[in-house]
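A quick write-up on the structure given underneath.
The values are calculated or read from the model by the stated rules, or taken from the named source; none is laboratory data. Remember, it's a predicted structure, so these values are computed and weren't measured experimentally. Note that each Cβ is placed from the backbone with ideal geometry, even for glycine, and that neighbours are counted across all protein chains shown.
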Amino acid sequence: MITGRVIGEIQSTINHAFYDARKLMIVEHTDFEGQPSGDYLIAVDSVSAGVGSQVLVLDEGNGARQVLKSKDGPVRSVIVGIIDEIQTTA
Amino acid sequence: MKLGKVIGTVTCCVTYSGLESVPMLWVQPLDKTGEPKGETLVAADPTRCAGPGETIYFEGGREAAMALDPWFVPVDHAIIGIVDHIHLPGGEL
């Protein structure tokens, strides 16, 4: 899983049927100090995250399909948590 | 998934079985601000609705082929949807 911050939401009329009524967020990848690395991904929201939320993103297909209760959905990235705090020893 | 812009179409006269009627589009990947970033690629379009000039989002890897019907086809990038709007804190893209 990776940590990130939601920076935007995508609206889309024409999409694959699996994505009907699903919320797509743009998530920028962040390090453990919350600093953006420059990379990003588009993930399905399963926890009602909003723009600005620091989130935990699962970026793996089989786990994502399990979360979204699908056998054959073309999905790999799902927001699975909203982060309150990260403690590090570094 | 990543954002991309369709910059052209690719027409094949011979394709692998299962890909006969699937449009192939030439895609320029975009960064999070909508600027071109990275190498261009060819993506299958199972929506059959995307065309040059449109902003789309695409999936890569094994999941890309799963967007197609039949799904057991040699595809590594597929267009999942066409972007209407992107709501960003600083405005729309």
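Being at pLDDT below 95 and at the interface with another protein chain (Cβ under 7 Å from one of its Cβ atoms) is not true of A:V75.
Annotation note: Cβ proximity below 7 Å between a residue of the range B:14-41 that is on the phi > 0 side of the Ramachandran plot and a residue that is part of a loop (DSSP other than H, G, I, E, B) (sequence gap 6+ or interchain) occurs for B:G18/B:P70; B:G18/B:V73; B:G34/B:L93. Considering the range B:65-92, and only residues there that are more than 18 Å from B:G4 (Cβ to Cβ) and touching a residue at least 24 places away in the same chain (Cβ under 8 Å), the residue that is farthest from the other protein chains (Cβ to nearest Cβ) turns out to be B:P74. Residue-level analysis places A:V27 outside the set of residues that are in contact (Cβ under 8 Å) with a residue 40 or more places away in the chain, farther than 30 Å from B:P70 by Cα and touching a Pro at 6+ places or on another chain (Cβ under 7 Å).
For the range B:21-54, a residue qualifies if it is surrounded by fewer than 19 Cβ atoms within 10 Å (Cβ to Cβ), among the β-branched types (V, I, T) and within 12 Å of chain A (Cβ to nearest Cβ), and exactly one does: B:T33.
Quick grid of which residues meet (1) crowded, with 18+ Cβ neighbours inside 10 Å; (2) in contact with a helix residue (DSSP H, G or I) (Cβ under 8 Å, 6 or more places away or on another chain):
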| position | (1), (2) |
| --- | --- |
| B:Y57 | yes, no |
| B:R62 | no, yes |
| B:A65 | yes, no |
| B:D69 | no, no |
| B:I79 | yes, no |
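Inspect the range B:12-23 for any residue being within 25 Å of A:V57 (Cα to Cα) and in contact with a Pro (Cβ under 6 Å, 6 or more places away or on another chain) and give the result as yes or no. No, because not a single residue in the range B:12-23 is within 25 Å of A:V57 (Cα to Cα) and in contact with a Pro (Cβ under 6 Å, 6 or more places away or on another chain). Any chance you could count how many residues in the range A:43-52 are at pLDDT 95 or above and either within 10 Å of chain B (Cβ to nearest Cβ) or in contact with a Lys or Arg (Cβ under 7 Å, 6 or more places away or on another chain) (or both)? The number of residues fulfilling the criteria is 3.
Among the conditions (1) within 14 Å of chain A (Cβ to nearest Cβ); (2) surrounded by fewer than 19 Cβ atoms within 10 Å (Cβ to Cβ); (3) in contact with a Leu (Cβ under 8 Å, 6 or more places away or on another chain), the only one that B:G8 does not satisfy is (1). Being in a loop (DSSP other than H, G, I, E, B) and closer than 13 Å to A:N15 by Cα is true of B:P46.
All conditions in (1) in contact (Cβ under 8 Å) with a residue 40 or more places away in the chain; (2) surrounded by fewer than 20 Cβ atoms within 10 Å (Cβ to Cβ) hold for A:G8, with the sole exception of (2).
For the range A:1-42, the candidate set comprises residues that are more than 7 Å from chain B (Cβ to nearest Cβ) and of a type in the set (A, V, I, L, M); within that set, the residue that is nearest to B:P89 (Cα to Cα) is A:V6.
Can you give me the number of residues within the range A:63-72 that are under 17 Å from A:L41 (Cβ atoms) and either more than 15 Å from the chain's Cα centre (by Cα) or facing chain B (nearest Cβ under 10 Å) (or both)? Please lay out each step first, then the result.
The first filter runs over the range A:63-72 and keeps only residues under 17 Å from A:L41 (Cβ atoms), leaving A:63-65, A:67-68.
Subset that is either more than 15 Å from the chain's Cα centre (by Cα) or facing chain B (nearest Cβ under 10 Å) (or both): A:64-65.
The qualifying residues number 2.
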